[in-house]
1. Mind giving me the nanometre distance, one decimal, between the label points for Asn109 and Ser32, set 7 Å out from Cα along Cα→Cβ?
2. Taking H as built 1.01 Å from N, whose amide H comes closer than 5 Å to the amide H of Asp30, not counting residues under 5 places away?
3. Taking amide H atoms as placed 1.01 Å from N in the peptide plane, list the residues 5 or more away in sequence, or in a different chain, whose amide H sits under 5 Å from that of Tyr73.
4. Please give the solvent-accessible surface of Asp96 in Å², to the nearest 10, using a probe radius of 1.4 Å with every protein chain present.
5. Once the principal axes of the Cα atoms of the stretch 66-134 are found, what is the range along each, listed largest first in whole angstroms?
6. If I stretch the segment between Glu129 and Thr61 completely, what's the gain in nm (0.36 nm per residue apart, minus their alpha carbon distance), one decimal?
7. Take Tyr73, Tyr22, Tyr99 and sort them by solvent-accessible surface of the protein heavy atoms, 1.4 Å probe, largest at the top.
8. Tell me the label-point distance for the pair Leu75, Arg102, using the 7 Å Cα-to-Cβ offset, in nm and rounded to one decimal.
Amino acid sequence: MPIENFQARYATIPLATFSRSYKKNSQQFDFSTLPHLHKELEILLVLEGKAKVQINSIWHTIQKGNIVVLPPYTLHCYTICADYDFKHYCLCMDLDILYDKRLKEELENGSISIFNIIDSHQTCAGYIEEIFVS
């Protein structure tokens with residue numbers, strides 16, 4: 001995803017959101033994104049189904065209720081399995097939005113350890129959903 005196209009989604013703040021749904025398909029072809037990275041922090045909430053995400057060459061299975069957190073410049077890709085419907089919300093933010101510049105630098109250079117997959121966290125999921133339904 002070219003940086004210019006991604007950043008074009010920013011409205012008035014350096015934040016991009018999108019929601020996608022994939023339906024089971026009869027051809028049994030999985031849908032995959034190409035491995036990519038970007039300077040934005042990415043948070044993905046799985047609303048329905050099952051998929052695989054590769055984070056820095058390690059594959060994880062994600063499913064309904066999981067939250068995926070990808071720090072800036074983390075190489076990742078997704079494979080949506082043809083056998084499942086899959087729906088997610090995605091929130092990407094440029095860390096320039098942070099007031100704390102030290103926190104921004106630590107997130108960008110990887111000195112803060114982040115759990116990439118959160119099994120289920122109702123409070124966080126609720127906050128993410130509120131962004132999309134407001």
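The values are calculated or read from the model by the stated rules, or taken from the named source; none is laboratory data. Since this is a predicted model, take the numbers as computed values, not measurements. Positions of Cβ are backbone-derived with ideal geometry, glycine not excepted, and every protein chain shown enters the neighbour counts. The accessibility values were calculated without ligands, DNA or RNA, using every heavy atom of the protein model including side chains. Shrake-Rupley method; radii C 1.70, N 1.55, O 1.52, S 1.80 Å.
1. Here the answer is 3.5 nm between the modelled labels.
2. Those qualifying (amide H under 5 Å, at least 5 residues apart or on another chain) are Ala82.
3. Here the answer is His38, Lys39, Glu40, since their amide H atoms fall under 5 Å of that of Tyr73.
4. Accessible area, nearest 10 Å²: 80 Å².
5. That works out to 43, 30, 19 Å along the principal axes.
6. 22.4 nm
7. Putting Tyr73, Tyr22, Tyr99 in descending order of accessible area: Tyr99, Tyr73, Tyr22.
8. Here the modelled spin labels are 3.2 nm apart.
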